[in-house]
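There's a structure below that I have some questions on.
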Amino acid sequence: MAGLAVNVDHVATIREVRKSSYPDPVAAALIAEIAGADGIVVHLREDRRHIQDRDVRILRNVVQTKLILEMAATVEMVGIALDIQPDLVTLVPEKRGELTTEGGLDMIIHKNNITETVDTLQNSGIPVSIFIDPEPEQIKLAHRANASMIEIHTGTFCEAATPAKKDAAFDKIVNAIKFAHKLKLGINVGHGICYNTIKDFHGLHEIDEFSIGHSIVSRAVLTGMEAAVKEMRDLIRQL
Ligand code: PXP
């Protein structure tokens, strides 16, 4: 059975909107683990828009499953990863203005920097996954860079506007999974997967892990709403 790695970035997004001390992504991570998550994912961005250095450091100490650090292949981030020693690093592209990661790393453009970063991290004992689009050339280059794993970008499929576009995008994902499996690469998938699109992955046993964040945090806001309102109502009743 494939694993589920829960991304808690958007718990930190809610905190950072107010620059408050809550909700704490560390607390969310621990609850996710109690609920059965196989790993916790955080993306430490250059602009620190959601996850902060403090979060990653505390998570390193308290996560019992595995801590997956998403990061850009920069000198600053490599230094932090070497210091913190996450269980897996996922290399992702990062643009300042983007709302979220917009696509996979382009291995054709960045292969030298990525290969060097993979070497540095893996030589220190941290396995590396590269987040790429479901394209054979990207998979070949990730394999050549000696990465332990790839994470296949599922965003184009999950956000497709028509059934035809959705089918075409999913075919690419399936072909990419089969090809990466032949190359003996570990295979994670992620970006945009929700409670509907997850069902399409039925039978794809080559997948090691699903990396899911936004839909889970969004669902938690709604499923937790009733209890949260009742708790505040009770406090007002007791005034
Ligand atoms: N995988 C990668 C590489 C990502 O950058 C993200 C978004 O942070 C995810 C998975 C999770 O995507 P989502 O929040 O849409 O589930």
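Once you sort the root eigenvalues of the Cα gyration tensor of segment 23-172 as a ≥ b ≥ c, which label holds: rounded (a/c under 1.5), prolate (a/b larger than b/c) or oblate (the other case)?
oblate
Pick out, in residue order, every one of the trypsin sites (Lys or Arg not before Pro) in segment 138-180 that is DSSP loop and has at most 13 other C-beta atoms within 10 Å; say none if there are none. Don't skip to the end; give the middle numbers.
Numbers: sites: 140, 144, 165, 166, 172, 178; in loops: none.
Answer by residue number: there is no such site.
Now for a separate question. Assuming R0 = 41 Å, can you tell me the calculated FRET efficiency for the pair residue 113 and residue 1, based on Cβ-Cβ distance, to the nearest 0.05?
Here the calculated transfer efficiency is 0.70.
Take the Cα coordinates of segment 102-238, assign each an equal point scatterer, and use the Debye formula without solvent to give log10 I(q)/I(0) at q = 0.14 Å⁻¹.
-0.69
Sticking with this one: Amide H of residue 90 versus every other amide H placed in the peptide plane: which residues, excluding those fewer than 5 positions away on the same chain, fall under 5 Å?
Those lying under 5 Å, H to H, from residue 90 are 69, 70, 71, 129.
Quick one: which of 227-235, 58-66 comes out on top by average Cβ neighbours within 10 Å, and what's the full order, highest first? Walk me through the intermediate numbers first.
Details: 227-235: 9.3, 58-66: 15.4.
Per-residue Cβ counts within 10 Å, averaged per peptide and sorted highest first, yield 58-66, 227-235.
Where Lys and Arg each count +1 and Asp and Glu each count -1, what net charge lies around residue 74 among other residues with Cβ under 10 Å from its Cβ?
After counting each charged neighbour, the total is -3.
Rounded, prolate or oblate for segment 85-129? Axes are the square roots of the Cα gyration tensor eigenvalues, ordered a ≥ b ≥ c, and the cut-off for rounded is a/c under 1.5.
Judged from the Cα gyration tensor, segment 85-129 comes out oblate (a/c at least 1.5, b/c at or above a/b).
Next question. Obtain the nm distance between the two label points defined at residue 120 and residue 214 by a simple spin-label model: each point lies 7 Å from its Cα along the Cα-to-C-beta direction.
3.0
Given 0.36 nm per residue, what is the gain on full extension from residue 198 to residue 21 after removing their alpha carbon distance, in nm?
60.5 nm
Given 10 °C and 1.306 mPa s, compute D for segment 1-81 with the Stokes-Einstein relation, Rh being the Kirkwood radius over Cα pairs; round to the nearest whole µm²/s.
124
A follow-up question, please. What full-extension length gain, to one decimal in nm, is calculated for residue 181 and residue 14 as 0.36 nm per residue of separation minus the Cα-Cα distance?
Difference between extended and current length: 56.4 nm.
Using a ≥ b ≥ c from the Cα gyration tensor of segment 1-40 (square roots of the eigenvalues), is it rounded, prolate or oblate, where a/c under 1.5 gives rounded and otherwise the larger of a/b and b/c decides, a/b for prolate?
prolate
No lab work stands behind these numbers, since they all come straight from the coordinates. Note that the coordinates shown come from a computational prediction; the quantities given were computed from them, not determined experimentally. Every residue, glycine among them, receives a Cβ derived from its backbone with ideal geometry; neighbour counts consider all protein chains shown.
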